[in-house]
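Participant: I have a structure here, written as structure tokens, and I will follow up with some questions on it.
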Amino acid sequence: MGKQPVRLKAVVYSLSPFQQKVMPGLWKDITTKIHHKVTENWLSATLLLTPIIGTYSYAQHYVEQEKLEHRF
């Protein structure tokens, strides 16, 4: 016997027009949360961003020097 397709019902999620608070806990004390994350992870963020910013700065400087070299 072959496989027979099974009909599935679609599930649609929606918010009630009377329910206005979707994610109230997300924005509560946002400054405290950001400060906590930064102070906990400053070393990891520094080690990640320093090579990225350094490479970008070097590339921009190199392109600018190439432009100036071919100027005259």
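The values are calculated or read from the model by the stated rules, or taken from the named source; none is laboratory data. What you see is a predicted model, and the numbers here were worked out from it, not measured in a lab. Areas reflect the complete protein model, heavy atoms only, side chains present, ligands, DNA and RNA absent. Shrake-Rupley method; radii C 1.70, N 1.55, O 1.52, S 1.80 Å.
Participant: Rg(Cα) of the range 8-72 divided by 2.2 N^0.38 Å?
Facilitator: So the range 8-72 has a normalised radius of gyration of 2.22.
Participant: Counting only heavy atoms of protein chains, what accessible area per residue, in Å², does the chain have with a probe of 1.4 Å?
Facilitator: Ligands and nucleic acids excluded, the figure is 111 Å² per residue.
Participant: Among the lysines, select those whose C-alpha is under 27 Å from the C-alpha of Lys28, and discard any that sit fewer than 8 residues away in the same chain.
Facilitator: Result set, ordered by chain and number: Lys37.
Participant: Something else about it: With θ set to phi - 60°, apply the Karplus curve 6.51 cos²θ - 1.76 cosθ + 1.60 along the range 11-18 and write out the HN-Hα couplings as whole Hz, x wherever there is a Gly or Pro.
Facilitator: 9, 10, 9, 8, 9, 5, x, 8
Participant: Another question, if that's okay. Leaving out ligands, DNA and RNA, what percent of the accessible area of the chain is carbon and sulfur, probe 1.4 Å?
Facilitator: Of the solvent-accessible surface of the chain, carbon and sulfur hold 65 percent.
Participant: Still on this model: Calculate for the chain the 222 nm mean residue ellipticity that helices alone would give, adding -39,500 (n - 2.57) per DSSP H run of length 4 or more and normalising by residue count, nearest 500 deg cm²/dmol.
Facilitator: Mean residue ellipticity at 222 nm (helix-derived): -21500 deg cm²/dmol.
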